[in-house]
1. Does the range 325-345 contain at least one residue that is part of a loop (DSSP other than H, G, I, E, B), within 23 Å of the chain's Cα centre (by Cα) and not aliphatic (A, V, I, L, M)?
2. Filter the range 70-110 down to the residues that are touching an Asp or Glu at 6+ places or on another chain (Cβ under 9 Å) and within 14 Å of SER172 (Cα to Cα) and list them by number.
3. Among the residues of the range 95-114, is there at least one that is under 25 Å from ASP399 (Cα atoms) and among the β-branched types (Val, Ile, Thr)?
4. Looking only at the range 357-401, which residues are in a loop (DSSP other than H, G, I, E, B) and either of a type in the set (Ser, Thr, Tyr) or surrounded by fewer than 18 Cβ atoms within 10 Å (Cβ to Cβ) (or both)?
5. Suppose the filter is touching a Lys or Arg at 6+ places or on another chain (Cβ under 9 Å) and under 23 Å from LEU85 (Cα atoms); does ASN379 pass it?
6. Of the residues that sit in the range 287-314 and are closer than 30 Å to LEU420 by Cα and of a type in the set (D, E, K, R), which one is surrounded by the fewest Cβ atoms within 10 Å (Cβ to Cβ)?
7. Take the residues in the range 286-336 that are in contact (Cβ under 8 Å) with a residue 40 or more places away in the chain and of a type in the set (Gly, Ala, Ser), then tell me which one is farthest from LEU104 (Cα to Cα).
8. Of everything in the range 314-324, what is outside any loop (DSSP other than H, G, I, E, B) and of a type outside the set (S, T, N, Q)? Give them in sequence order.
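The values are calculated or read from the model by the stated rules, or taken from the named source; none is laboratory data. Just so it is clear, the structure is predicted and the values come from calculations on it, not from any experiment. Here the Cβ is made from the backbone with ideal geometry for all residues, glycine too, and neighbour counts use every protein chain on show.
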Amino acid sequence: MKLSRRTFLKGTGVSLGLPLLEAMSPARAASGAPRPPVRMACLYFPNGAWMKDWIPETEGGDYELPFALEPLASHRDQVLVLSRLDKAGSHNGDGHYAKTANFLTGLPVHKTTGKDLSVGSASVDQLCAEKIGHRTPLPSLELGIDPVVSGIDSNVGFTRLYGSHISWRNASTPVAREIHPHAAYERLFGLKRIADPRRREDDRALLDLVLEDARSLRGTLGRDDQTKFDEYLDSIRAIEKRIEFYSKPDPREWTPPGPGDWAPPQGAPGDHQAHVRLMLDLVVLAFQTDTTRISSFMFANDVSNKNFSALIPGVKGGHHEFSHHENKKEKSEPYSKIVRWHVEQLAYLMTKMEAVAEGKETLLDHSMIFFGSSLSDGNKHDPDNLPILLAGRGGGTIDSGRHLASAPKTPLCNLYRALLERMGTPVDQFGDSTGPLALG
């Protein structure tokens, strides 16, 4: 029982990326043109942090950067260091999975071996994409490095699928991630704009055939296979939305100044840092061209034991192994260095975004980069006082350049309420929020 290879190949042919954007029209270049939109990126790194090297000793703007945050020295005026943000919904499960899967929902994760997934609600990025995704060719962009892992972690009784996703379309449906730079590029820019209405109708008909066959097959699969198969269906649905977008007048008041000429990345490099930076470059490109305003990125799956010996001098061993440091210097020092490496990649992204001018400001000024982990102390699997940074000024609405220590037990979801407000998608309640976090 399998779908026709011809049908799948046709479907794949239709689903290769997005068209390039049009150049800015003279009317929109005139004085009084709309301001650039606010963009939001959610970046996750696994296994928590050595918190002694993360949280500044003093609050406010006059603080000294701790070891893990030193790579942000040249960008400190564009960064908020946020402490005392908790995820109470993660106290009902052992290990990592009950903390990572709800990183962007804040609600309890249902313990399961894979038959009845639930992270409580849609994630903050997908809630935002549902409300404003129709304004751009791609509602959101989900990227990662590691392939999805299924099966059961017998140590804690959770499906490993929970460790492979932070973006959820709804409580039980994770959003497919692109892990190959070239595939992500094709998703963004592969197709030319479809100008012929008859061609658009033909493509819609083809997509309908693919989806009809796919739905029939899906019902015969097990739960893990269904989740993986949904990734294919997601790509088809995304194409449907893009065809619809280009079938109507452009809904955007603001468009970027011309598409440029970008060469696609060449496959997935074997070098981990090169791979990560290619994906971060694509986030910048997606935001710069207004192809999407919402993105998420996973540096690695949950419980990652990636070896950083080739990237960090003196670090010989696996990431997850070092996170269980037992307060031993020989483990906590390399653990902290690995966290610092992830912060270096954030600094790389900020440098790229700051180099993109938008009027008298920059792409970084008009963005919010939420960066953090689902654990604080990896040794304790602690979901409270999480290591969280917020980079960018959110269109001038964020008072950056300081360490903001909230009241003890402040829900992380209060930050999500504040992000949603700045994206123009405010809500009265998200997760366990008690109100939007004051960032201005």
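1. From the range 325-345, those part of a loop (DSSP other than H, G, I, E, B) are 325-328; that's our starting set.
Restricting the remaining residues to those that are within 23 Å of the chain's Cα centre (by Cα) gives none.
Within the range 325-345, none of the residues are part of a loop (DSSP other than H, G, I, E, B), within 23 Å of the chain's Cα centre (by Cα) and not aliphatic (A, V, I, L, M).
2. Matches in the range 70-110: ALA101, LEU104, LEU107, HIS110.
3. Taking the range 95-114 and keeping what is under 25 Å from ASP399 (Cα atoms), we get 103-106.
With the extra rule that they be among the β-branched types (Val, Ile, Thr), the set shrinks to 105.
Yes, the range 95-114 contains a residue that is under 25 Å from ASP399 (Cα atoms) and among the β-branched types (Val, Ile, Thr).
4. The initial filter retains those residues of the range 357-401 that are in a loop (DSSP other than H, G, I, E, B), namely 359-360, 363-366, 373-387, 392-401.
Selection gives GLY359, LYS360, SER373, SER374, SER376, LYS380, GLY396, THR397, ASP399, SER400, GLY401.
5. Details: touching a Lys or Arg at 6+ places or on another chain (Cβ under 9 Å): yes; under 23 Å from LEU85 (Cα atoms): yes.
Spelling it out, ASN379 is indeed touching a Lys or Arg at 6+ places or on another chain (Cβ under 9 Å) and under 23 Å from LEU85 (Cα atoms).
6. In the first step, residues of the range 287-314 are kept if they are closer than 30 Å to LEU420 by Cα; the result is 287-304.
Of the ones still in play, those that are also of a type in the set (D, E, K, R) are 290, 293, 302.
Values: ASP290: 19, ARG293: 27, ASP302: 28.
Checked the range 287-314; the qualifying residue surrounded by the fewest Cβ atoms within 10 Å (Cβ to Cβ) is ASP290.
7. SER332
8. Let us first name the residues in the range 314-324 that are outside any loop (DSSP other than H, G, I, E, B), namely 318-323.
If the condition is that a residue be outside any loop (DSSP other than H, G, I, E, B) and of a type outside the set (S, T, N, Q), then GLY318, HIS319, HIS320, GLU321, PHE322 are the ones that fit.
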